[in-house]
Amino acid sequence: MSDITPDGGDVRDTQKKPPPQGPPENLPEEFLRRRLGRMDTRRALAELCKSVPGLEEALLPPGIQADALTRRSGSSQMLRSVARRIKQDAAAWSAFRTAVVEQIPPETSEAVGRLSDENLDELREAHTTEGLLLAALVSEEGVEPGLLETLVKRWEEENRQEEKRAHQDAKVKELESRLEELKKDNERLSFASRVANERAESLAEEVRLLTGERESASARVREAEERARAALSVRERLDERISELERRGAQLERALESERQAYARAAERLEELHAEFERVVAERDQIRDALQHARFTDEGFGELLVRAIKNEVEALPDTLEATAHTARLLEFMSRVLQAHADLRGDRGGTSPSAREEEGEESETGSRAGRPEPAAKSEVLRPVRVKSRPTLAFRALGGAGEVGGSSHLLDFGSTRVLVDAGIKPDGRGQLAPDFEGLGRLDGAIITHAHLDHCGALPLLVRNRPDLPIYCTPPSAKLIISALNDHAAMGGGVPGGAPIHEVKRRLVPVPFGKPFEVGGATVTLTESGHILGAASVLLKSNSAMVFHTGDICMEDHFSIPSARLPEVSGIDLLIMEATLADQRPQPFNESIKKMVRVINETTLDRGGTVLIPTYALGQAQEIILGLKYFGREHGLERDVFIYVDGSVVTTSERLYAEQLRYMKPYLQHTDPRELFFGENIRAVANDDRARERILANPCAIIASPVTMQGGASAFYRRRLEGSERNAVILPSNAASSYGTHRAVGEGSSWRVERVSFAAHCTQEELLGITEKLSPRQIILIHGSRRRISDLAFRLAPKHKIHTPEVGETVRTVL
Ligand SMILES: [Zn+2]
Ligand SMILES: [Zn+2]
């Protein structure tokens, strides 16, 4: 352009002529293409192509329709070839000019008219270089070539700068979008980082927690190890202690064994000593007897005298007093012997004459009435031994146990059986074996409990002619008890019918002596049940007392035992049922019953069952509640029903025996003895039983086992509800076998009271104190209780504790 401008003024003037056929040489194709890129230019070209025939071929590449120009999608490739055509082809150039002319504002066209080198920059400022160039190209008047060239150059320069700027903008845009992406990435990353941080923190927290837990766990482990070590050491110490205790136990066991052996040896020795003592006493008696019959001058008198004195001395206990006595005896003996020698020296060869006498007379204890020895008797006859009475006691049952009581007392000349009981609880043999018992002079039944009289049918079958003694109330009660037992499916197989038994019974009143064989027997009140007796037997010079079942406590129905007013009892046969137990007094039992009855019937609306033995215990309970219940708070509105064989036993038997009962009952109307007011008997009928169960009440019913009869009926109806209660009379149960477990394990309330009609250990010791027998046989109790009692009695008495089947032989 610089080569044009130096002489621009001249050129412009000379070159002012119609525009050339084609575009200026230096017009950049880019300029054309940019103008073509504008839609209105392309539309105008397309219009031209339609109106000017042949233009299409000149303007467009072959195969391209003019319509393609108006489509926005017309490719840049097409636009480039159109631009090339416009540059090369005059027609195309002309069409182009025509197409763009409308786009040039009139002021720009006007400005081109006054374009000069001087105002070029000013006009470019106002109309843009491109606008001026386009207007110059289409100007009719044309523009000076130098100016046109300058405009082209300026446009190219601007275009380059614009491209450069566009390129830079694009670069900037790219950088910005990159930055944007980076920002987004950064955000994502910072979010991820935050999340990661949080996660890291929570992990750290978890780690802290786990560490803490691990620490406490290891602390616990350490503690547990510590404890385990401590436990092990304790255990070791315990093991040591146990083995030490075992060692000591073994030592004690050995010591105990040697004690036992020593005891057995001592017991044997004691037996020997007793035998020895008896022998010495017998010999003494023999010598004393002989002495009484001998005369002082008889040959051998001195020898006899010496033996007599020696025996006396041997029989004496080893005390200081005895020693002084011995010394006096020896002194006396020496004087007598001297006198005897003197006398015999005087008499010379006088032969002694024999002395005749009936020895039998010496058998009785009294020697006072004996005639003086005949003066002529000179020969000392062989000494006749005066034997002490002996007794063999044999337990067929009821020794070392309770149940099946039956004891043979054999005095040699007289043989008596006391009791014939069974074991109703079914433990062991039911009844004693009466076969092979040998001769019997009579039997005595102490009372009507089955463990004392249940085997009577067998005894009667075995000994049809044997008299059987008992008290009058017992005679009634025994038959009733046997009938009830048979009715309940009991009874003994092979026994005689009960009416046969009844015929054999011989009632004897209390305190009236009677003869059995050679013995005199007296029955005394034992206070156990109505009619119960103890037995006092005298045979020759011996006296034996058999307690039977004995009770020193006052009953509601009968008085307590009355011990015989005798002294010198040789042998006491004593029961040991309770021995070491302390039963509740009857009054306390009634008090407890009243409490349970009130709580059950009044507070809870339930019913109380009192199962009981039909004989003895039932009557105690009824009388206790009837006459003493009020003072313990028994409500008048609470009905007490009595059911089972208790009813008949009470009504028929007890009421008939008023004179054997306590004084306060003796003037009662027998019909009201047990029943009346709120105490009623129940008819033997299940419908009647159902009726009484409709309201809360108390029921006294037999049998005590609740395994049959009336009490079983009530048990079935009552045991399922916790509103109801059962009162088990516990201690007395041991006298005929127990079924204590029945009724327990159900829902009802279970209470126990004791109605034990037996002596406590203290009372038994009191009996021995009062009767002070030399020997005692303990029976009717468990082995343990018998041993306990024997231990208490041993210091003062000779004790026998036989087993069933064992025979105790003793000199009385
Ligand atoms: Zn009894
Ligand atoms: Zn008994």
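Computed quantities for the displayed model
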quantity: Residue match in region 55-76 (condition: polar (S, T, N, Q), surrounded by 18 or more Cβ atoms within 10 Å (Cβ to Cβ) and assigned to a helix (DSSP H, G or I)); calculated: no
quantity: Cross-chain or 6+ apart pairs with Cβ under 6 Å, region 748-773 first and within 16 Å of ligand 1 (Cβ to nearest atom), then at pLDDT 90 or above and part of a loop (DSSP other than H, G, I, E, B); calculated: Ala757/His528; Ala757/Cys551; His758/Cys551; Cys759/Ile550; Cys759/Met552; Glu763/Met552
quantity: Asn462 being surrounded by fewer than 20 Cβ atoms within 10 Å (Cβ to Cβ), touching a residue at least 24 places away in the same chain (Cβ under 8 Å) and under 54 Å from the mean Cα position of the chain (by Cα); calculated: yes
quantity: Residues of region 435-455 satisfying the condition of being away from ligand 1 (no atom under 16 Å from the Cβ) and closer than 18 Å to Thr414 by Cβ; calculated: Leu437, Gly438, Arg439, Leu440, Asp441, Gly442, Ala443
quantity: Count of residues meeting criterion [in contact with a Ser or Thr (Cβ under 9 Å, 6 or more places away or on another chain), over 27 Å from Phe510 (Cα atoms), hydrophobic (A, V, I, L, M, F, W, C) and touching a residue at least 60 places away in the same chain (Cβ under 8 Å)] in region 615-660; calculated: 1
quantity: Which listed residue, of Gly531, Gly527, Gly605, is in contact (Cβ under 8 Å) with a residue 60 or more places away in the chain, over 24 Å from Leu466 (Cβ atoms), within 16 Å of ligand 2 (Cβ to nearest atom) and touching a Pro at 6+ places or on another chain (Cβ under 8 Å); calculated: Gly527
quantity: Residue ranges of helices (runs of 4 or more DSSP H) in region 444-513 with at least 2 members among the small types (Gly, Ala, Ser) and within 16 Å of ligand 2 (Cβ to nearest atom); calculated: 472-487
quantity: Selected residue [under 18 Å from Val811 (Cβ atoms), crowded, with 19+ Cβ neighbours inside 10 Å and modelled with pLDDT of 85 or more] from Phe393, Phe434; calculated: Phe393
quantity: Candidates Phe674, Phe639, filtered to the one that is hydrophobic (A, V, I, L, M, F, W, C), farther than 25 Å from Ile558 by Cβ and touching a Lys or Arg at 6+ places or on another chain (Cβ under 8 Å); calculated: Phe639
quantity: Candidates Ile590, Ile558, filtered to the one that is within 16 Å of ligand 1 (Cβ to nearest atom), buried (at least 23 other Cβ atoms within 10 Å of the Cβ) and at pLDDT below 95; calculated: Ile558
quantity: Sole exception among (1) surrounded by fewer than 23 Cβ atoms within 10 Å (Cβ to Cβ); (2) within 16 Å of ligand 1 (Cβ to nearest atom) for Leu523, by number; calculated: (1)
quantity: Val516, sole failed condition from (1) within 16 Å of ligand 2 (Cβ to nearest atom); (2) in contact with a strand residue (DSSP E or B) (Cβ under 9 Å, 6 or more places away or on another chain); calculated: (1)
quantity: From the options Ala111, Ala90, residue that is surrounded by fewer than 16 Cβ atoms within 10 Å (Cβ to Cβ) and at pLDDT 80 or above; calculated: Ala90
quantity: The one condition in (1) within 30 Å of Arg307 (Cα to Cα); (2) modelled with pLDDT of 85 or more that Glu276 fails to fulfil; calculated: (2)
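Residues checked against (1) assigned by TED's automatic domain parsing to the domain that holds Leu615; (2) assigned to a strand (DSSP E or B); (3) at pLDDT 90 or above:
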site: Ser711; (1), (2), (3): yes, no, yes
site: Tyr714; (1), (2), (3): yes, no, yes
site: Glu722; (1), (2), (3): yes, no, yes
site: Ile727; (1), (2), (3): yes, yes, yes
site: Ala733; (1), (2), (3): yes, no, no
site: Ser747; (1), (2), (3): yes, no, no
site: Ile777; (1), (2), (3): no, yes, yes
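The values are calculated or read from the model by the stated rules, or taken from the named source; none is laboratory data. Small disclaimer: the values here were computed from a predicted structure and weren't measured. Because the Cβ atoms are built from the backbone with ideal geometry, glycine has one as well, and the counts that use them run over all protein chains shown.
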